[in-house]
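Let me begin by presenting the structure, written as structure tokens, before commenting on it.
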Amino acid sequence: MPRPVTAGIDGSAASLAAAAWAAREAELRNAPLHLLAVWSYADGVSPDAPEAAASRHWAVRSLDLALDRLRCRHPRLDLHAQLLKAPPHEALLTAGAVAELLVLGSRGLGGTSALLLGSTGARTAAHADFPVALVRPTPHPCDLPDGPVLLALDAEDRTPNDVIAFAFEEAAMRQVPLRALLAWLPPGRLPTYPVTPWHHSHSPHARRAEARLTETLLPWRQKFPDVRVEEVCLEDVPAGAVAAATRHAALAVLGHRIQPGADPQLGAVAHSAIRHAPCPVALVPHA
């Protein structure tokens, strides 16, 4: 039996959008969908106290609402729900460790989902050693957006195979093109704002970057011959270039470097994509 796609539910519009997107993702993968709602209360508070009861009531109500919506829209989906009393960050990391993908809601620019992508969700994405997808609410969240899968490659070193494989698999499942973006700054070039790309058609640095991009993708083109691939190489600030490219994508896939023994933080490119991308953003961890 395939591992599930798991979605965190907190009752917000963002988390309901995440659940709707996760349902389509589970169908594409022919996998079950697990919905997880978490409730907790402060140390020293009685379980019978009003705040504890209110926390549990809201978690139950949020889970029931998501279940009702998804059962109507996806009657054949293998759907499961779980209510846990636990710190949200710990519960999400535990659930994601046994899932193919953990899906959380995001409001993007201007705020984050109060429970799941506030400090808890950001910490979860930064600490996770499994893929995490962040989804913003849309008018029709159950529909797959038009456009390619965007693969943002690391300009400073080789993008790990796990990240590239995830992007190609997503493009193949959706039967859409894959757009591979390598954005980089030439040696000695300082970022400028507003972000504008520089002319580089005859730059030796650009030619080397383009050759490296083609070399990196060649074995994946051969492994996924039915996926149409577009290679884009830009002299640009990576965070700005990736954020701009997400406007035309169905899904953005980025690598996220895990730093053992440290308090991990999301990098500038991932942080920018999460804040600005209108499409879902999948963060795939690597060492």
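The values are calculated or read from the model by the stated rules, or taken from the named source; none is laboratory data. Treat the numbers as computed from the prediction; the structure is a model and nothing was measured. Because the Cβ atoms are built from the backbone with ideal geometry, glycine has one as well, and the counts that use them run over all protein chains shown.
Quick notes on this structure:
- When the residues of the range 255-285 are filtered to those that are closer than 17 Å to Leu134 by Cα, hydrophobic (A, V, I, L, M, F, W, C) and in contact with an Asp or Glu (Cβ under 9 Å, 6 or more places away or on another chain), the one that is surrounded by the most Cβ atoms within 10 Å (Cβ to Cβ) is Ala282.
- For the range 215-243, a residue qualifies if it is in contact (Cβ under 8 Å) with a residue 60 or more places away in the chain and surrounded by fewer than 16 Cβ atoms within 10 Å (Cβ to Cβ), and exactly one does: Glu230.
- Flag if Ala18 is under 22 Å from Ala282 (Cβ atoms) and in a loop (DSSP other than H, G, I, E, B): no
- Single match in Ala126, Ala172 (criterion: small (Gly, Ala, Ser) and at pLDDT 95 or above): Ala172
- Of all the listed residues (Arg3, Arg56, Arg69), the sole one being of a type outside the set (A, V, I, L, M, F, W, C), closer than 22 Å to Met173 by Cβ and surrounded by fewer than 22 Cβ atoms within 10 Å (Cβ to Cβ) is Arg3.
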